[in-house]
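Student: First the structure, then my questions, so here it is.
Just so you know, all these numbers are worked out from the coordinates, no wet-lab data involved. Small disclaimer: the values here were computed from a predicted structure and weren't measured. Cβ coordinates were reconstructed from backbone atoms using ideal geometry, including for glycine residues, and neighbour counts include every protein chain displayed.
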Amino acid sequence: MKIFIKFLLRNILEKKLRTLMILFSIVLSTALVFSTLAISGTVKEMMTSQLRKYTGSSEIVIQKNPQSLGSPFFELKEINEFDDKMDYMIGNIQGFALYPEDSEQQVHLAGFTLEDLETLYNVSFTELDESQTFSNNKAIIGEGEANKLGVTIGDTIELMINQQTESFTIMGIAKPEGIFRYDGENLSIIVPKDTLASIYDASGKVNTIYIKTNDIEVNDLIDLLVEKYQDEDDFMVRTTITTLQIEQSTGSLTSTFSLMLIVVVFISIFIIYTAFKVITMERLPIVGTFRSIGATKKMTDIVLLGESFIYGVIGGVLGCLLGVGILNIMINSMAYNPYTGVTSEVTLVFGFEHFLISFLCALILSVFSALFPIIKVSKMPVRNIVLNQIKVVSENKKIRFTMGLILLIAPYLILILLDRPSIIICGLCIILVGCAIVMLVPLVTKYFVYVFEKVNQFIFKNEGALAAKNLRDNKGIIQNITLLTIGIASLILVNAVTQSIMEEVVNVFSDAKFQLIFQHEKADETYENQLRQIEGIDDVNGNYTALNVKVADRNDYIGFVWGVDAVHYFKFWDFEFNRHHNELFNELSEGRNVIISEIIRNKLELEMNDLLTLVMNNQEVSFKVIGFCNSPLNNGNFIFMDENYLKQDAKINYMTDIMIKTNHPKDVIERIKTTFQGENINIMDMDEQKQFNIEQNDQMFRLLEGFSVVIMLIGTFGIFNNFVVSYISRKRSLAIYRSVGMSKNQVFKMLNIEALSCGIVGGLTGAVGGVLFIIISNYIMKAMFMPVSVEFSSSLLISAIFMGIIVSVLSALIPSLRSKKLSIIEAIKYE
Amino acid sequence: MENIIECKNIFKSFKMGKLEVEVLKNITLNIKKGEFVSVMGPSGSGKSTLLYLLGGLDVPTSGSIKINDKELSIMKDKEQSILRRRDLGFVFQFYNLIPNLNVEENILLPILLDGENVKNYETDLDEILEIVGLKERRKFTPKELSGGQQQRVAIARALINDPDIILADEPTGNLDSKTGDEILELFKKINELKNKTIVQVTHSVDAAQYGSRVIHVKDGKITES
C-alpha cells in the first residue's frame, strides 16, 4: 500500500499546473458554498445588531401603545412576582432632541442610570470621568458622536428638548458599540434618567421597560406580563426583535444566494468531473501496469479515488479559509453605507457546522466527480488497459437527444402545471434544464459545425475549415462549449435577476404622484390642516398603517395594512387595479372591504369576494376582497382598507405619514421646518428617497454582482483548464498535423479559430440557456412572493455572447502559444 | 541517378535527465530517386531518429541533410512545413490519423494545409482510394477501421500530394503478418508504378526484404549499406 501512496503523491506533484487547476476549482466552489451558508447567519447577526442598537441585550419591551391618546409615561410597576423569571428589568426614558448648532441634526435622547446603561448595552468607555456621579446635567456620548460634534470630556453641549435649551456636560465617551454605534445620521446621547424625566415633566415615571428573561421562554413571560398589564389600557408588551423583522431583512438575500449556490455547484461539478475524466484516462497505462502485476481492482480504484480525496481535503481546507475571506469582503461591502460613508462594525458569524458542511461538500464534490470515470476504468478488462485498447462506446445519439429534449421540456411543463411551484422544485428545474443543456450541446454543436465549415472556409481558408471539423466529436472542445454555455447562461441569469430587482427598487416610487412625505409620531388631522395652510402646498393626504398584521388561522402576516380615504388617497398614487377605479374606491369605503396586492392574493390564495380574516387588537375581523392592486411597493406585502375601519379595528389614532403635493418641494421643506420647529418631525423628498433607495440597495447589488463575477471567474477558469487539458490530450493530433506539413503558425491559427468558433457556439447556446433559466427564475420570484418580473435585454444577451467569445479566445491563447513549442516526435511516439 | 536525400556527418544526441546520450554518430548516407530503402536495426539503434531527421521532424545536433538538394537546417518552419506537405509523405507505426476527420478528410489533409481547393483533387483521391482499396470506406472515421485499413489511409495521405519521398516508420509494426505483407506489397507497388522513393524503418528481416537496398544501423552508426 505504501507504494500506492507514494505513487499517488507523485502523481499529484508531477503535473503542478493541472493539480493547481483542479485545486483552484475545488477551492473556489468550497469558498462559495461556505460563504453562501454563512452569509445568512452573518447578515442575520448584522441585521439583529442593527435592530438591537437601541434595545441592547433585552428581549422584551413594554411601552404605551404609540397610537394611544394619553401620555406615553407611566410608573414603573414593581413586578416582584416575576423577579425569578427576569435577569433584569430596566425602566428608562426614550426621548428626542435637536442639536441647535445644526438645526438639521436630530438626536436620540435616552435617560438611564449608569448601572442600567452598562447592564443593557455592556458599554465600555474610552474615557470616563469617574470622579463625578452620573446625575443632573451629565451626558455620555459615543466616540463617533464626539468626533462629529468635536467635543471631549468636560465639554458642554446644548440640546433643544421640548422647545427649551438644556445644557449637558460630557462625563464619558463610550466605545462605538450598541447604542453608541454611530451610523453617520442619528446621534445618540445618554443623560441621567431622573434629569430627563423632570425635563419631560414626568418625574418618577418612565416610557419604556426593557426586560431580559431568566429560565423562562420569552413568549411565556410575555403572556404572563400581558396578563399582568391587561387591566392597564393600551400597554404593549412585545419581543424587542421579531423573527419576522429579521426574516424580512434577510430572506430575499439568502434565497438569492441559495439560487446562485445551485449554479456554482453545478458548474464546479462539471469542471471537476471533466478534469478527473482526463486524469483517469491518463493514468490508465499505470493502472494497467499495477493490475498486470497483481493489484486488485479495489487497490487501483483506491489509488485513483485517493487522488481525488487528497484534492478534496486540500481544496476543502483552503476553500473554507478563502470562504472566510470572501464572506468578509461581502459583508464589509454591505456594512459600508455610501450615503453616510460610515462602515458599521460587523461580526462574522460562522460555526463549526459551516466549515464541516463546506469541507464535506469539497470532499463529495471531488470524490463524486472522480467516481464515474473510475468506475468506467474499473470495468475494463486488464488486457485492454495494458494494451491501451480502450473501446470508446459510441453513445446512442438518438437516446441522448430524446433524453435531452425530455429534460428540457419537462421542467417547463411541471412549472406551467403547478403554476405556483415551491423554491425547491424551481431549483430542481434549473438543474434539470442544466443537465438538458449538457446533453444537447454536442448535438447542437454538430449543426453549427456544418455552418462553420462553410463560413470559416470562406473567411479563414482551409485552416478555418479544419478548425470547424475539429469541433466535431472532439470531447475536449465540446466540454468547453458546454461549460461556456452553462457559464454564460448562469451569468445572464444572475445579471438579469440583479438588474430586474434593481429596476423594481428604483421604480418602487414611480407610481407616486406626490413630492414630499411628512412624518410625526402624533400626526393627525390637525397636522394635516396645518400643512395644508403652508404656502406652496397644493394638497395633502394622511394615511394610517397597521404593521405586521396576523392573518387568522395562518402563520402569515401582512406587512402593511393601509387605512385610506380611497377617493382622495389614490389621487396621490397611480396604482394598477383590476377594476374600474371610481367604482372600486367607492366600494372600499362602504364596509369592511379590502383591496389586496397581487402578491398577497397569490400568497393567501384569495379571489374576489373571498373573506380575509385578520387579527387586530386581539380580535378576529373579516374583510371582503373587492379588488387587486399591482405594485412593487413594500415588496407587494400590503392591503388597503377604509381608514375608519382600520382606526376602529386596530385602535389606531395617528397617521403614519402625510403625503404632500407641491411644485416647490425645497421651499416647502424649509417652511414646514419653520412651522414645526422643535418637534420631532421627519420630511422626505421623494427624489431624495429614490436616490436613498438606490444607494441603500446598491450594497446588495454590488454583492450580487460580485457573486456573479466569481461565478464567471470559476467558469472562465474551468474553460481555461479545459483548454489546457484538451490541448494536452490533443498534443498527438497536433503533432500529426505538423508531421504532414502544418506550420507552427497554421497550428496557432487553427487553434484560435477553433476557440473563436467555440466561443460563438458557447455564447449563442449560453444566451439561449440564459433565457431558459430566466423563465424559471420568474417562477422562483413567484415562489418567493417577490413582485419582480425578471426580464432580459438584448444588450445583455449580446454582451454575454461577446463575453463568451473573449473568454474562449483568451483561454485558448496559452495552449496555442504552447503549441509553437510542441515537440512533434515526443508527441507522436508517446503511446 | 541523382541523390534525392543526402546526409553528411549527422550527429544527434538527447538529454536524458543529467546524461547526454548520443543516438546517431557521424551518419553519412545518400539515397537515390526511386530507391526503396529499408533501414534495419535493433531497438534503440537510432533508426527512427534518423528517419525523423530526414523528414525534418527533428533537427540534428550537427551535420547536414539535403532533400531534393535543399538544406533542411537553414529552412524556416514555414518552408519545412511546405516541404513536408509537398515533397514528403509520412507513414507511422501507429497510423497517426486525426480521429475526428473521416478517411477522405484525413487523406486530403496535406492538400488542405497547402491552401488548395480539395475539389481539384477529387480524381486523385479516387485513384488513391482505389490503390489502397478503401473506396467503400471513404466516409468512415479512423475508429471505425481496422489497423490495416488505418495504415492504408495513412499511406493514401502520404501519396495525395504526389510527393517524391515516402518515409515510413515501422509501417507494419502494429499489424498482423498477413496485413503487414499486404501493406508492404502496396509500398512496393507504389515504388514501382509511381517511382516514389521510399525509406522504411523496420526491425523485421522479412519486411526489410521488400526494399531494393537494406541499410543496417547499430548503436547510432551505419554498419552495412
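Student: Place a +1 charge on the Cβ of each Lys and Arg in the range A:522-679 and a -1 charge on the Cβ of each Asp and Glu, then give the dipole magnitude about the Cα centre in debye, rounded to the nearest 20.
Tutor: Values: 16 positive and 26 negative charges, 66 e Å.
Result for the range A:522-679 is approximately 320 debye, rounded to the nearest 20.
Student: Something else now. Determine, from the Cβ-Cβ distance of A:Leu224 and A:Glu826 and an R0 of 56 Å, the FRET efficiency 1/(1 + (r/R0)^6), rounded to the nearest 0.05. Please list the in-between numbers first.
Tutor: Values: r = 84 Å, r/R0 = 1.50.
The formula returns an efficiency of 0.10 here.
Student: From Cα pairs below 8 angstrom and at least 6 apart in sequence, can you work out the relative contact order of the range A:522-679, rounded to a whole percent?
Tutor: Numbers: 296 pairs, mean separation 55.6, N = 158.
Answer for the range A:522-679 is 35 percent.
Student: Measuring from label point to label point, each 7 Å out along Cα→Cβ, what is the A:Thr402 to A:Glu503 span in nm?
Tutor: 4.1
Student: On a full-extension model of 0.36 nm per residue, what is the gain between A:Asp667 and A:Val455, subtracting their alpha-carbon distance, rounded to one decimal in nm? Show your work: numbers first, answer last.
Tutor: Details: separation 212, 0.36 × 212 = 76.32 nm, distance 6.59 nm.
This chain segment gains 69.7 nm when fully extended.
Student: Quick check: Cα centre of the range A:598-646 to Cα centre of the range B:61-92, how many Å?
Tutor: Cα centres, the range A:598-646 to the range B:61-92: 87 Å.
Student: If only Cα atoms are counted, what is the Rg of the range A:686-821, and what is its Dmax, in Å?
Tutor: Answer for the range A:686-821, Rg first and Dmax second: 20.8, 73 Å.
Student: Multiplying the sequence separation of A:Glu185 and A:Ser799 by 0.36 nm and subtracting their Cα-Cα distance, what value in nm do you get?
Tutor: On the way: separation 614, 0.36 × 614 = 221.04 nm, distance 4.00 nm.
Additional length available on full extension: 217.0 nm.
Student: Using the 10 angstrom Cβ neighbour count as an exposure proxy, how do A:Leu471, A:Leu13 rank, fewest first? Spell out each step's value before the answer.
Tutor: Numbers: A:Leu471 25, A:Leu13 9.
In increasing order of surrounding Cβ atoms, one gets A:Leu13, A:Leu471.
Student: Taking only DSSP H segments of four or more residues, each worth -39500 (n - 2.57), what value at 222 nm results for the protein assembly as shown once the sum is divided by all its residues, to the nearest 500 deg cm²/dmol? Please list the in-between numbers first.
Tutor: Values: 31 runs with 553 residues, N = 1056.
Calculated at 222 nm, the ellipticity per residue is -17500 deg cm²/dmol.
Student: Would you work out the relative contact order for the range B:35-122, in percent, from Cα pairs under 8 angstrom that are 6 or more residues apart? Show your work: numbers first, answer last.
Tutor: On the way: 36 pairs, mean separation 14.6, N = 88.
About 17 percent, as a whole number.
Student: Also: For A:Arg238 and A:Leu611, what does the FRET efficiency come to when R0 = 35 Å and r is the distance between their Cβ atoms, rounded to the nearest 0.05? Present the calculation step by step, with values, prior to reporting the outcome.
Tutor: Values: r = 28 Å, r/R0 = 0.79.
That pair, A:Arg238 with A:Leu611, gives E of 0.80.
Student: About the Cα centre of chain A, what is the dipole size in debye to 20, counting +1 per Lys and Arg Cβ and -1 per Asp and Glu Cβ, all else neutral?
Tutor: Details: 70 positive and 88 negative charges, 1899 e Å.
About 9120 debye.
Student: List the relative contact order of the range A:2-139 as a percent without decimals, with contacts defined as Cα pairs under 8 Å and 6+ residues apart.
Tutor: 14
Student: How would B:Ile128, A:Ile357 line up from fewest to most surrounding beta-carbon atoms within 10 angstrom? All intermediate terms of the calculation are to be shown ahead of the outcome.
Tutor: Details: B:Ile128 24, A:Ile357 17.
In order of increasing Cβ crowding within 10 Å: A:Ile357, B:Ile128.
Student: Let me ask something else about it. Just to verify a number: FRET efficiency for B:Asp176 and B:Lys143, C-beta to C-beta distance, R0 = 22 Å, to 0.05? Write out the running numbers ahead of the final one.
Tutor: Working: r = 19 Å, r/R0 = 0.86.
Result of the calculation: an efficiency of 0.70.
Student: Along each principal axis of its Cα atoms, how long is the range A:522-679 end to end? Whole angstroms, biggest number first, please.
Tutor: Result for the range A:522-679: principal-axis Cα extents of 48, 34, 28 Å.
Student: Positive end of the charge dipole of the range A:522-679 (Lys, Arg +1 and Asp, Glu -1 on Cβ, about the Cα centre): tell me which of A:Phe628, A:Tyr654, A:Trp562 has its Cα farthest that way.
Tutor: Most positive-ward Cα: A:Tyr654.
Student: Using +1 at the Cβ of each Lys and Arg and -1 at the Cβ of each Asp and Glu in the range A:604-757, identify which of A:Leu734, A:Ile669, A:Ile694 lies farthest towards the dipole's positive end.
Tutor: Result: A:Leu734, furthest along the dipole toward the positive end.
Student: Separate question: Positive end of the dipole of the range A:60-240, charges at C-beta (+1 Lys, Arg; -1 Asp, Glu), about the Cα centre: which of A:Ile211, A:Ile161, A:Ala110 has its Cα farthest in that direction?
Tutor: Among A:Ile211, A:Ile161, A:Ala110, the one farthest towards the positive end of the dipole of the range A:60-240 is A:Ile161.
Student: Right, next: Starting from 0.36 nm per residue, how many nanometres of slack lie between B:Lys66 and B:Lys32 once their C-alpha separation is accounted for?
Tutor: Roughly 11.0 nm would be gained on extension.
Student: Quick one: work out Rg over Rh on the C-alpha atoms of the range A:184-237, Rh as Kirkwood radius. Numbers along the way, then the final one.
Tutor: Numbers: Rg = 15.3 Å, Rh = 14.0 Å.
With Rh from the inverse mean 1/r over Cα pairs, Rg/Rh is 1.09.
Student: For the range A:60-240, what is one quarter of the convex hull surface built on the Cα atoms, given in nm²? Before the final figure, lay out the partial values.
Tutor: Numbers: hull surface 43.4 nm².
Hull-based average projected area comes out at 10.8 nm².
Student: Right, next: What shape does the range B:3-224 take by its C-alpha gyration tensor, where a ≥ b ≥ c are the square roots of the eigenvalues and a/c under 1.5 counts as rounded, a/b above b/c as prolate, and the rest as oblate? Could the numbers behind the result be given before it?
Tutor: Values: a/c = 1.73, a/b = 1.44, b/c = 1.20.
Judged from the Cα gyration tensor, the range B:3-224 comes out prolate (a/c at least 1.5, a/b above b/c).
Student: Could I ask something else about it? Size of the dipole of the range B:3-224 about the Cα centre, Lys and Arg at +1 and Asp and Glu at -1 on the beta carbon, nothing else charged, in debye to 20? Mind showing how you got there, number by number?
Tutor: Details: 31 positive and 33 negative charges, 112 e Å.
It works out to roughly 540 debye.
Student: Hey, got the Cα dimensions of the protein assembly as shown along the principal axes, in Å, largest first?
Tutor: Rounded to whole Å, the extents work out to 127, 70, 54 Å.
Student: In nanometres, what is the gap between the two model label sites at A:Phe577 and A:Leu547, each 7 Å from Cα along Cα-to-Cβ?
Tutor: Each label point lies 7 Å from its Cα, and together they span 2.8 nm.
Student: A follow-up question, please. Could you give the alpha-carbon Rg of the range A:14-144 over 2.2 N^0.38 Å, rounded to two decimals?
Tutor: Computed over Cα atoms of the range A:14-144, the ratio equals 1.72.
Student: Which ordering of A:Ile595, A:Ile314 is given by a fewest-first count of other beta-carbon atoms within 10 Å?
Tutor: Working: A:Ile595 27, A:Ile314 18.
Ranking A:Ile595, A:Ile314 by Cβ neighbours within 10 Å, fewest first, gives A:Ile314, A:Ile595.
Student: Roughly how many whole Å is it from the C-alpha centroid of the range B:1-54 to that of the range A:453-489?
Tutor: When both Cα centres are located, 39 Å separates them.
Student: Against the globular-protein guess of 2.2 N^0.38 Å, express the Cα radius of gyration of the range A:31-107 as a ratio, rounded to two decimals.
Tutor: Details: Rg = 19.1 Å, N = 77, 2.2 N^0.38 = 11.5 Å.
The value comes to 1.66.
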